[in-house]
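A.B. asks: Take this structure first; my questions come after.
Bear in mind these aren't lab numbers, they're just calculated from the coordinates by the rules spelled out. Note that the structure is a prediction, hence the values are computed from the model and not measured. Every residue, glycine as well, gets a Cβ built from its backbone with ideal geometry; the counts of neighbours run over all protein chains shown.
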Amino acid sequence: MAHNKKLLWRLLLLAFITTPLFGLLGGVPVLNFKLSEFRFFLRFIGLIAVITFICWCINIVLLVFTERLNWLKNIFLRSVLSIACCTVLSVVVIKAFHNAYPPGPRVALSADKPMFNVMFFENNKTPSISGPADSLFNQIAAPPKEQINARNFFPFPLLMHALTINVIILILCELVLLHFRQQKIISENARLRQSNLEARNNQLKNQLHPHFLFNSLNTLRILIKKDADKAETYLLKLSEILRVSVTSAANSVTDVSDELSLCLSYLQMQEVRFGDTLLYDVTNKQLLNAKGKLPVFAMQMLAENVIKHNTFTAEQPLHIFIDYDAERRLITVRNKIRLKKLTEVTTQTGLTNLNERYKLLSNQPIVIKNSGDEFTVSIKII
């Protein structure tokens with residue numbers, strides 16, 4: 001509906017611009033008049049302008065009904081109907097104009113007496129307008145001494161002029177319609193592409209939540225057997241994270257501050273489990289006030305990936321650093337590499353999942369570096 005209204009307003013604007021323009025251009029053949037016949041020039045411009053506006057109205061109405069009537073979508077049928085309507089209405093307007101400004105009852109036509117004189121002047125005097133015998137409206141001429149009844153005369157050259165204007169307007173309308181249809185297709189493709197990206201992102205996010213919950217519940221099961229108090233604290237932290245997860249379920253991204261808070265809550269959960277063997281530090285406190293967006297669970301996933309794949313003890317604790325480059329708006333999670341042999345089955349939904357989600361949202365991947373001694377993952381704030 002909005003698209004059709006925009007098209008209609010664009011066509012109406014074009015009509016109001018071209019109507020006086022075509023009227024002036026139509027008066028070019030009669031520019032060689034004396035100042036005393038200025039009224040004749042204005043009448044002729046007015047007639048062309050009226051015909052032009054009628055042609056615009058015909059074609060705009062046909063385009064409006066094109067969306068409702070399937071048979072009007074055929075450009076050939078629409079063109080034939082446009083020309084037919086223009087012909088009928090132009091004949092009516094020209095005859096009405098001719099009757100409103102009738103010439104003398106009998107006028108002699110000759111090669112040196114322009115057809116305009118017969119059409120518009122109310123006396124039999126030789127008008128002051130002169131023009132070449134082969135001009136557009138002088139092509140119909142009777143023998144020099146032959147007398148005709150000017151009131152019964154119909155100016156067919158003027159009708160051809162009207163049909164020419166209608167053809168030009170018809171072409172303009174079709175070009176505007178083609179442009180709007182192309183824009184509509186582009187807009188629809190963009191909407192479908194965005195919907196597809198959102199669906200894909202939601203699919204990946206729905207894979208992430210069970211993955212996180214599975215690991216957390218597995219950890220909780222172990223803690224219940226070892227230390228009930230730690231298990232209770234761990235469960236409280238888990239419930240807090242799940243609450244945040246539920247409230248942000250409808251969003252693909254979240255504020256940097258909220259994502260950092262979620263990540264720190266997760267690390268506090270793991271601190272309950274591992275004690276002093278796990279250390280973490282936000283090296284640049286500017287990150288606490290950073291503005292922008294990150295994929296939901298992005299930083300939590302990076303922290304979880306570090307803990308999952310590295311071994312750590314009281315003698316060699318695992319230290320997770322969260323860096324922030326304010327100039328490049330880049331967040332980096334890094335750690336010393338001490339890989340452990342995994343005894344549990346991995347679902348391979350960690351970094352791969354995050355990388356896909358981030359590419360869908362920002363059209364660029366996360367940056368992963370492995371120097372052999374240190375492992376870093378960098379993600380730019382959206």
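A.B. asks: What pairs in LYS336/LYS369; LYS230/LYS340; LYS308/LYS336; LYS293/LYS380 have C-alpha atoms more than 20 Å from each other? It would help to have the intermediate numbers written out before the result.
C.D. replies: Numbers: LYS336/LYS369 12 Å; LYS230/LYS340 24 Å; LYS308/LYS336 13 Å; LYS293/LYS380 9 Å.
Result: LYS230/LYS340 exceed 20 Å.
A.B. asks: Search the structure for amide H atoms under 5 Å from the amide H of VAL296, placed 1.01 Å from N in the peptide plane, and list their residues when 5 or more places away or on another chain.
C.D. replies: The answer is VAL253, THR254.
A.B. asks: If I take R0 = 51 Å and measure r between the Cβ atoms of LEU279 and ARG191 in this structure, what FRET efficiency does the formula 1/(1 + (r/R0)^6) give, to the nearest 0.05? Mind showing how you got there, number by number?
C.D. replies: On the way: r = 47 Å, r/R0 = 0.93.
So, using R0 = 51 Å, E works out to roughly 0.60.
A.B. asks: Amide H to amide H, which residues 5 or more places from ASN284 or on other chains are under 5 Å from it, using H placed in the peptide plane?
C.D. replies: Distant-sequence amide H within range of ASN284: TYR324.
A.B. asks: If amide hydrogens are placed 1.01 Å from N in the peptide plane, which non-local residues have theirs closer than 5 Å to the one on ASN310?
C.D. replies: Residues meeting the amide H criterion: LYS340.
A.B. asks: Return P(r) of the stretch 205-341 (all Cα-Cα pairs; 10 Å bins starting at 0; whole %; ordered from short to long distances).
C.D. replies: 11, 41, 37, 11, 1
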